[in-house]
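Okay, structure first, notes after.
The values are calculated or read from the model by the stated rules, or taken from the named source; none is laboratory data. Values in this document were obtained by computation on a predicted structure and should not be read as measured data. All Cβ positions, glycine included, derive from the backbone under ideal geometry; neighbour counts span all protein chains shown.
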Amino acid sequence: MIPFNKPYLTGKEAHYLYQAVLSGKISGDGIFTKKCHQFFENRYDFKKVLLTTSCTDALEMAAILINIQPGDEIIAPSYTFVSTVNAFVLRGAKIVFVDSEATTPNIDVNLIENLITDRTKAIVPVHYAGVACDMDFIMDIAKRHNLFVIEDAAQAIESYHKNRPLGGIGHLAAFSFHETKNVIAGEGGLLAINDDRFLNRAEVIREKGTNRSQFFRGEVDKYGWVDVGSSFLPSDIIAAFLYAQLENIDIIQQKRKKIWRWYYDELITLEKFGVRLPFIPDYATNNAHMFYLICNNIEERSRLIAKLKEQGILSVFHYLSLHKSPYYIDKHDGRRLPNADNYSDCLLRLPFYFELEDSDIQTITQLIKEFYSK
Ligand SMILES: *Cc1c(COP(=O)(O)O)cnc(C)c1O
């Protein structure tokens, strides 16, 4: 049996959990939260980061920070996870969905500018599979139209656009440590704040609308309710687990890149059957978040999934285009988004986790090659 995903433990997780528990302080913003914050601020030079309970929550914080009001418009790809846009819908925003590129599932930046109106507030690019969107292009549009850019960097840890770390380019960015990502904490996320204007308010929103963080630093002599907010901070137990992972990020990434390369080298021959493999633009890096194939059609993909499953191998598709989702189909303006639909129908993700070995990849890729050669 080869599962689709298997959470990897680096070895120190239980030890740090134990330490966190023994420290006597396991609510948010304890010792391990601080260690995680430092890790991100040092390694990626993000101005400020705040751990959150999920990437979804980090995106909801972003929606509050940019003051989304009912009727505001958000430009985002349709081929993405629900949370990318749900965070803004919760505050009354209308989502203007954009098609994917033909070459990658990322937002087609050439389509953005025509969709901007007086109500447009932000662009929310998603770095699909950890591969950068064309951020120079997006930041240029945002600057000219005075829009915010919020990167959904859920899959993008350790990945770069040219030489800049993803999550450090937009005004705000959200990362995920869900157990299916490269670096995990079960559930967990991070908000990266790259614009000074949001520094203080982000802390307040994360602490139920109070200025508790300032109080603990001794900057105010009492704390109280100063803004809206919610409880977006994770327990230090989550941070303890995450820190063990972060300490081993180089080992994790080295292995994942190997796995990705094994898949690629074995499957590149499938291009003669019309199957497409991931494409990495020259401004982007590959953080080996996932490996996918793009089949010729949905029927072929279903048969391939079934064939792999017969042999105990779990491959999955995901993201049904959001503009066609039961919740949004009536709210979408009717534009066709053919590339997003194509990825919904044809993209297939193969098993991807740290403990996959060369022999597993051989088994999986042999079956896929047999499937196509028949
Ligand atoms: C995983 C993921 C999310 C959600 O992350 P959570 O931490 O589970 O909230 C959001 N967007 C994208 C693109 C994702 O892959």
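Observations
- Every residue from segment 160-174 that is buried (at least 24 other Cβ atoms within 10 Å of the Cβ) and either among the small types (G, A, S) or in contact with a Lys or Arg (Cβ under 9 Å, 6 or more places away or on another chain) (or both): G167, G170, A173, A174
- In the condition set (1) crowded, with 18+ Cβ neighbours inside 10 Å; (2) in contact (Cβ under 8 Å) with a residue 60 or more places away in the chain; (3) under 23 Å from S23 (Cβ atoms), L191 is compliant with all but (3).
- Entirely in segment 279-374, the helices (runs of 4 or more DSSP H) that have 3 or more residues that are touching a residue at least 60 places away in the same chain (Cβ under 8 Å), in the same structural domain as W262 (by TED's automatic domain parsing) and within 24 Å of the chain's Cα centre (by Cα): 338-346
- Checking segment 102-121 against the condition returns a match, with at least one residue being within 16 Å of the ligand (Cβ to nearest atom), more than 14 Å from L190 (Cα to Cα) and of a type in the set (A, V, I, L, M).
- Within segment 90-108, residues that are touching a residue at least 12 places away in the same chain (Cβ under 8 Å) and not assigned by TED's automatic domain parsing to the domain that holds R335 sit with their Cβ atoms under 6 Å from residues that are part of a loop (DSSP other than H, G, I, E, B) and surrounded by fewer than 19 Cβ atoms within 10 Å (Cβ to Cβ), at 6+ positions apart or across chains, in these pairs: G92/P70; A93/D72; T103/F279; T104/F279.
- Residue check: Y79 meets all listed conditions (1) within 13 Å of the chain's Cα centre (by Cα); (2) within 22 Å of E158 (Cβ to Cβ); (3) assigned to a loop (DSSP other than H, G, I, E, B) but one, namely (2).
- Screening segment 11-32 for residues that are crowded, with 17+ Cβ neighbours inside 10 Å and out of contact with any Ser or Thr (no Cβ under 9 Å at 6 or more places or on another chain) and picking the one that is nearest to M290 (Cα to Cα) gives E13.
- Scanning segment 82-100 for residues that are part of a loop (DSSP other than H, G, I, E, B) and surrounded by fewer than 20 Cβ atoms within 10 Å (Cβ to Cβ) turns up V82, L90, R91, G92.
- The residues of segment 57-81 that are near the ligand (Cβ under 10 Å from one of its atoms) and surrounded by fewer than 22 Cβ atoms within 10 Å (Cβ to Cβ) amount to a single one, F81.
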